[in-house]
Amino acid sequence: MLRNVSRINKNVARAASNRKAVICQPVMRSYSSQGGESGGGSGRGAIFAGGALLTGLGLYFFNNLNNYEGTRNQAVAKIEEKLPVDSGSRDYQKVYNAIVDVLENENYDDGTFAPVLLRLAWHASGTFSKHDKANPGGSNKATMRFKAEAEDGANAGLEVGRDLLNNRVKPQFPWISYGDLWTLAGVVGLQEMGGPKVAWRPGRIDGIDEREAITNRLPDGAKDEKHVQNIFDRLGFDDGETVCLIGAHAVGRTHRDRSGFEGPWTFSPITFSNQFYKLLMESEWKEKKWDGPKQYEDQETKSLMMLPTDYALRTSDKYRPYVEKYAEDEDVFFKDFSRAFAKLIELGVPLKQFEHSPPVFFKTSDEVEAEKDK
Ligand code: ZEM
């Protein structure tokens, strides 16, 4: 894993010089590149109609959805029964390895798609609402394939991750569901950047109903502590888990043409670490003076950033103790992150879908290589 990170790191300098050019290109591509699975163009209309139906028909509609869900699961179970019982046919480590094979690209950001894949897994899961029994969201149905959700402003840029997986990995493993593929890819991103191992289980099914697309449930980085609290409470996370998960901002960067924000949080944006917390507590942060949305800038180098929601963790009396705890002890951060992330990527998946799926712990690419050398 370390060797891989250092291999990725070698690409960083080169990638950095290319980055400007890449950033200037429009990254928002047409969603039609998702190979047909985003369905017809009626997403928005369908969603609107769905919303109207919801209001108008109330309980009747919810019951219908539930029945529909039952039928779907039975249908899926039937398909499952017909799959060849070939032991090699569902080797998820092979999927992991295939994602590793397409992970690096020196012309993209810091040389790897790992951060954007981690974010894809988070946004695929972060639509969950513990209050919405009829359409709970979460990673189960991979509803970001549907137009309305793909075009949710919060998901801008994630087509990069979806296109990579859907076009280059899915064809090799047609049997894997999109929800399983995207969450597994998040684990790849995390582990290949040197993060903790995560227990991952297969079992998500592909939704087929555009009305299940979910929008406006993901957090807005421009907002405050209360907003963070509301969102993570809706997801079912406590204060410690909330701070822990946001520590993923150790990796990756914000992009002007995606979220409006600009820059990375740490000096090593493709190495998973507790640097987010250390920098948040130890650097002096001031509002950046620019023509963009409000964000904080470190006063020493003026090259790092914090979102208003990130900075709120430092000023908040209830979140700050966790920031301090993770800044002090990276091992504890890794352990807690592993558990919280495993929980995150299973949000919205009925437990019965995991019934026959013991957790898988994936070997990192370095471990796979080391085994070959033996
Ligand atoms: Zn993020 N995140 N996130 N996040 N995130 C961005 C990028 C990344 C918030 C947020 O507004 C933003 C979590 C929580 C929260 C990652 C992982 C996780 C960006 C930049 C924004 C604006 C997007 C861009 O411009 O490309 C907010 C408000 C959050 C909670 C309050 C959690 C939880 C995460 C994982 C567990 C990652 C890896 C990135 C970097 C993506 C990339 O392309 O480099």
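The values are calculated or read from the model by the stated rules, or taken from the named source; none is laboratory data. Keep in mind it's a predicted model, so treat the numbers as computed, not measured. Using ideal geometry, Cβ is built from the backbone for each residue, glycine included, and neighbour counts are taken over all protein chains shown.
Computed quantities for the displayed model
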| item | result |
| --- | --- |
| Residue pairs meeting the criteria (Cβ under 7 Å; at least 6 apart or on separate chains; first more than 11 Å from Ile345 (Cα to Cα) and more than 9 Å from the ligand (Cβ to nearest atom), in the stretch 110-125; second of a type outside the set (A, V, I, L, M) and part of a helix (DSSP H, G or I)) | Gly111/Asn11 |
| Residue that is touching a residue at least 60 places away in the same chain (Cβ under 8 Å), surrounded by fewer than 16 Cβ atoms within 10 Å (Cβ to Cβ) and either within 13 Å of the ligand (Cβ to nearest atom) or of a type in the set (Asp, Glu) (or both), where the choices are Arg217, Arg234, Arg256 | Arg256 |
| The stretch 182-199, residues that are crowded, with 24+ Cβ neighbours inside 10 Å and away from the ligand (no atom under 14 Å from the Cβ) | Leu184 |
| Residue that is farthest from Gln191 (Cα to Cα), among those in the stretch 113-171 that are crowded, with 23+ Cβ neighbours inside 10 Å and β-branched (Val, Ile, Thr) | Thr143 |
| Condition met for Pro171 (out of contact with any His (no Cβ under 6 Å at 6 or more places or on another chain), away from the ligand (no atom under 14 Å from the Cβ) and at pLDDT 95 or above) | yes |
| Residues of the stretch 259-279 satisfying the condition of being more than 11 Å from the ligand (Cβ to nearest atom) and touching a strand residue (DSSP E or B) at 6+ places or on another chain (Cβ under 9 Å) | Leu279 |
| Any hit, the stretch 89-105, residues being within 12 Å of the ligand (Cβ to nearest atom), more than 18 Å from the chain's Cα centre (by Cα) and farther than 28 Å from Asn230 by Cα | no |
| Hits in the stretch 298-324 (condition: touching a Gly at 6+ places or on another chain (Cβ under 8 Å) and either modelled with pLDDT under 95 or over 15 Å from Ala250 (Cα atoms) (or both)) | Pro308, Tyr322 |
| Condition check for Tyr319: under 26 Å from Thr127 (Cβ atoms), in contact (Cβ under 8 Å) with a residue 40 or more places away in the chain and away from the ligand (no atom under 13 Å from the Cβ) | no |
| Single match in Phe333, Phe337, Phe361, Phe341 (criterion: loosely packed, with under 13 Cβ neighbours inside 10 Å, under 22 Å from the mean Cα position of the chain (by Cα) and in contact (Cβ under 8 Å) with a residue 40 or more places away in the chain) | Phe361 |
| Residue list for the stretch 237-253, restricted to those being more than 6 Å from the ligand (Cβ to nearest atom) and either of a type in the set (S, T, N, Q) or surrounded by fewer than 21 Cβ atoms within 10 Å (Cβ to Cβ) (or both) | Phe237, Asp238, Asp239, Gly240, Glu241, Thr242 |
